[in-house]
Structures are given as structure tokens and as C-alpha cells.
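**Q** First the structure, which I've put down as C-alpha cells, then a few questions once you've had a look.
The values are calculated or read from the model by the stated rules, or taken from the named source; none is laboratory data. In this text the structure is predicted, and so the values were computed from the model without any measurement. Cβ atoms come from the backbone with ideal geometry, glycine included; neighbour counts cover every protein chain shown.
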Amino acid sequence: MATTHETGRPRSVPERRPDRRELGRRGEEEAARYLQLQGLTVIERNWRCREGEIDLVALDDTGDCLVVVEVKTRTSERFGRPVEAVTPVKARRLRVLAARWLADHPIATPNVRIDVIGVLWRPGGLLEIEHIQGVDG
């Protein structure tokens, strides 16, 4: 079951509008900071293999759960909330990528969870983060 968490008050960030690549990088940076504030430890960023890429890999505060995170960053909700960009097909691919990551890394965790973090930069430089835990795929 997926649960949604929001950061509460939007945070102010610089107003200059970044290009798409920079926007994605900044969104991942904000998502990593958010996860750390939630007690997770980010252990890898932008891991790539033949099948695709994982934006962030983290461990929960107990070390019992590996969390694979897809980050979607947008400047508006014109095409929906950022988290809505992760389709069931993408969620299934993330599950495959998680298994591949585990095969390549010597970490033994009893649980793996797929999360999605949406980062939205509102006009005026306000930042909103939406975190959906346990996306099925």
C-alpha cells in the first residue's frame, strides 16, 4: 500500500529557471536531502546498467530495507503531479533494476521498497516534495 507524505511548508529556492538536465539534477539533490531528513541513508546516486538507471538508492534507518527511489522533477502541474509520471511499467522496471543492483552489490537486506519522490518548483521559487512509499510494479 502506498502512502503519500508532503514536506509541509514549501521551501524557498533560487528563482532562476534551470534547463531540463539541471532541473533533474537539482530535484535529485533535493530528494536526497529530504530522504536524509527522514532518517534514510543515501548510498548511491544515478546508478546505471544496461537495463536503465536508478536515481537514488538508500537504506532505511534500521538497515533492514533497501529503498530504490525514482525522482521526478517539474516546474508546473500542467501535465499532472510529478509522481504521476511514474507508470506501472516504470515501476516494474524499477523492481528489475533493484534486483540487478542487489546482484551487483554485497548488501543483504531482507526487504526492498520502491519509492517515488516528486519535486515541484512553484512560481516564486517555492519547492514542494511529495513522497510515495511502496509503489507496486
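**Q** Looking at (1) assigned to a strand (DSSP E or B); (2) out of contact with any helix residue (DSSP H, G or I) (no Cβ under 8 Å at 6 or more places or on another chain), which is the only condition Val112 fails?
**A** (2)
**Q** Return a yes/no flag: does segment 32-50 have any residue that is touching a Leu at 6+ places or on another chain (Cβ under 7 Å), surrounded by fewer than 15 Cβ atoms within 10 Å (Cβ to Cβ) and polar (S, T, N, Q).
**A** yes
**Q** To continue, here is another question. List the pairs whose first member sits in segment 27-40 and is touching a residue at least 60 places away in the same chain (Cβ under 8 Å), whose second member is of a type in the set (Ser, Thr, Tyr) and crowded, with 19+ Cβ neighbours inside 10 Å, and whose Cβ atoms are under 7 Å apart, counting only residues at least 6 apart or on separate chains?
**A** Gly27/Thr73
**Q** Which residue pairs have Cβ atoms closer than 7 Å, lie 6 or more positions apart in sequence or on different chains, and pair a first residue in segment 50-61 that is over 16 Å from Leu102 (Cβ atoms) with a second residue that is buried (at least 22 other Cβ atoms within 10 Å of the Cβ) and of a type in the set (Val, Ile, Thr)?
**A** Asp55/Val69; Asp55/Val71
**Q** Can you find even one residue in segment 78-97 that is among the acidic types (Asp, Glu) and within 26 Å of Asp19 (Cα to Cα)? Full working, then the answer.
**A** Taking segment 78-97 first, the residues among the acidic types (Asp, Glu) are 84.
Filter once more, keeping what is within 26 Å of Asp19 (Cα to Cα): 84.
Scanning segment 78-97, I find at least one residue that is among the acidic types (Asp, Glu) and within 26 Å of Asp19 (Cα to Cα), so the answer is yes.
**Q** Sticking with this one: Counting only residues that are modelled with pLDDT under 95 and touching an Asp or Glu at 6+ places or on another chain (Cβ under 6 Å), which one in segment 112-132 is nearest to Glu29 (Cα to Cα)?
**A** Filtering segment 112-132 for residues that are modelled with pLDDT under 95 and touching an Asp or Glu at 6+ places or on another chain (Cβ under 6 Å), the one nearest to Glu29 (Cα to Cα) comes out as Leu120.
**Q** For segment 87-98: of the residues being loosely packed, with under 13 Cβ neighbours inside 10 Å and not polar (S, T, N, Q), which is nearest to Arg48 (Cα to Cα)? Spell out the reasoning first.
**A** Step one: filter segment 87-98 for residues loosely packed, with under 13 Cβ neighbours inside 10 Å, giving 87-89.
Subsequent filtering for residues that are not polar (S, T, N, Q) retains 88-89.
Values: Pro88: 20, Val89: 18 Å.
The extreme case among them is Val89.
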